Amino acid sequence: MPETQTYGTILKNLVIGIIAVLALTGIKVFLVEDTRYDRWMDARGYELLHSIISPFDPGKELSVAVLDISDVPRLPNGATPTEPLQKIVQALVEGRAKAIAIDIDFSPSLEPVAQNIPDDRAEIVSQFYAQLQDLNKRGIPVFVGAFNIGPEPETWLGLDENKNLAADITLFDEDTTLIPRWLRCDGGGKLNSMSMALAKTSKQQPSPNSMIKPLLDEPEAEDNLKTTTLQNQAGQDVECKRSFTFVNYSKLDLMQNLTLQWAGREALLSAKDASGKGKFENKLVLVGNTQRGKFTDPFVVAGRRDPVAGVYLHASATYSLVDEPIYKFKHRVEIAADLILGCGLVFTLFLVRLNHLRSDDPKKSSKPYLSEGLIIFGLTVITLTVACLLVRFFDVLWLDVSLVIVALFLHSKVQEWFAWILNKLFKIFRRRVPTSAE
């Protein structure tokens, strides 16, 4: 039997509803966040909202380009020879590339190379670095990948004097929406990621709308840095911290379609766009292996089935930093949004029930509850609309929106549970009062 509506019961439902909102928020903050379920829900929210961003902007040219070197012959040990890389860099310079990054690990090997396997790096890598240093002096930044590194700058590329050429190519496959931005170690240097190193050479670094900037997550804020441990040359553990870039993959398909395969200097210089401009002119160019079956660093991007090469993750992160960044709310802002929506639902129900109780219309007063499902549906539509508008006009992805909608639909059940528990406790209390008096 439905509970007879009085001012007392309506007020009681209001209080229980607010308790339910606080309980759901507490469950989310203390039990759900940073769990596998939370990451899965965030990924679904990312996929949904990310799909709103246009995959192609005819009025804006990408400032990032990828050059595929999958067909460059390898050495017997599997390494990419340095000689063709020298030719590739020189051709890109002639093609007027703004900056170049080579997505190959050039950090010193932790294991010695067998004597019967030739390793050209041991012979001419210093010449290659000398070429890159000369280009840097001429105002053409070139970076090479570093992966097996320690906290000391001399471990990045073997010599401290070459640390300015190093770019961290570390990636994490558990969450590809976040790409490393830089690595900073106690007592060591700060190593930029490949995307950040390239972005710093560009004058384009957009910032969020000033109106909502205070609400947005700051990737370089101390609270957002993640801790990792590296071993120094003395064998001691050193604490390091990483900052991360929130990545926009909307132009990934376009980048893949525009990727040019290395087929020699002449082919590269003759490649033009529709306006007759060189394919790599004034571009931030990433060089790496992109052909399926030939790249050794596959990663799955949210919303995609097939893995993509790591160089495309670096390219997308670079694009995010210089062309079209996306943002997310601070943690406390998401919690505040949860509380506002939850309390909004509770007060809406309270006002509807109060209106029914005060109504002189017998038919209306006999149905004190407007369909709660209709109210929840309306709030869900409003929530999704706000989330879409945030993406469209402010480049903000409200990742928490999936959990918020789930909480809206769970609210009535949680409220019923609290009402049932409180009624049981009240009955137990009433039975015990006379006993205590006796």
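Residue-wise test of (1) of a type in the set (Asp, Glu); (2) surrounded by 17 or more Cβ atoms within 10 Å (Cβ to Cβ); (3) assigned by TED's automatic domain parsing to the domain that holds Arg265.
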{"site": "Gly26", "(1), (2), (3)": "no, no, no"}
{"site": "Met41", "(1), (2), (3)": "no, yes, no"}
{"site": "Leu67", "(1), (2), (3)": "no, yes, yes"}
{"site": "Pro76", "(1), (2), (3)": "no, no, yes"}
{"site": "Thr82", "(1), (2), (3)": "no, yes, yes"}
{"site": "Lys87", "(1), (2), (3)": "no, no, yes"}
{"site": "Ala97", "(1), (2), (3)": "no, yes, yes"}
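Filter region 123-165 down to residues that are polar (S, T, N, Q) and closer than 18 Å to Ile100 by Cβ and give me whichever is farthest from the chain's Cα centre (by Cα).
Here the answer is Gln127.
Among residues belonging to region 384-422 that are among the β-branched types (Val, Ile, Thr) and within 20 Å of the chain's Cα centre (by Cα), point out the one that is modelled with the lowest pLDDT.
Only one residue fits best here, namely Val404.
Has region 346-358 got at least one residue that is at pLDDT below 85 and surrounded by 22 or more Cβ atoms within 10 Å (Cβ to Cβ)?
yes
Report yes if Leu67 is closer than 30 Å to Arg265 by Cα, in a strand (DSSP E or B) and aliphatic (A, V, I, L, M), otherwise no.
Yes; evaluated as a whole, the condition is true for this residue.
Please find, within region 146-169, the residue that is nearest to Val287 (Cα to Cα) out of those that are touching a residue at least 40 places away in the same chain (Cβ under 8 Å) and in a loop (DSSP other than H, G, I, E, B).
Only one residue fits best here, namely Ile169.
From the list Lys203, Lys213, which one is within 20 Å of the chain's Cα centre (by Cα) and loosely packed, with under 15 Cβ neighbours inside 10 Å?
Lys213
Let's see how each residue does on (1) closer than 23 Å to Lys163 by Cβ; (2) at pLDDT 90 or above; (3) among the hydrophobic types (A, V, I, L, M, F, W, C):
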site	(1), (2), (3)
Asp38	no, no, no
Ala43	no, no, yes
Tyr46	no, yes, no
Asp57	no, no, no
Pro73	no, yes, no
Gly78	no, no, no
Glu94	no, yes, no
Ala99	yes, yes, yes
Asp120	yes, no, no
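What number of residues within region 177-200 satisfy the criterion of being surrounded by fewer than 18 Cβ atoms within 10 Å (Cβ to Cβ), on the phi < 0 side of the Ramachandran plot and either among the hydroxyl-bearing types (Ser, Thr, Tyr) or not in a helix (DSSP H, G or I) (or both)?
4
The values are calculated or read from the model by the stated rules, or taken from the named source; none is laboratory data. Note that the structure is predicted; figures quoted are calculated from it, not measured. Reconstructed Cβ throughout: ideal geometry from the backbone, glycine too, with neighbour counts over all protein chains shown.
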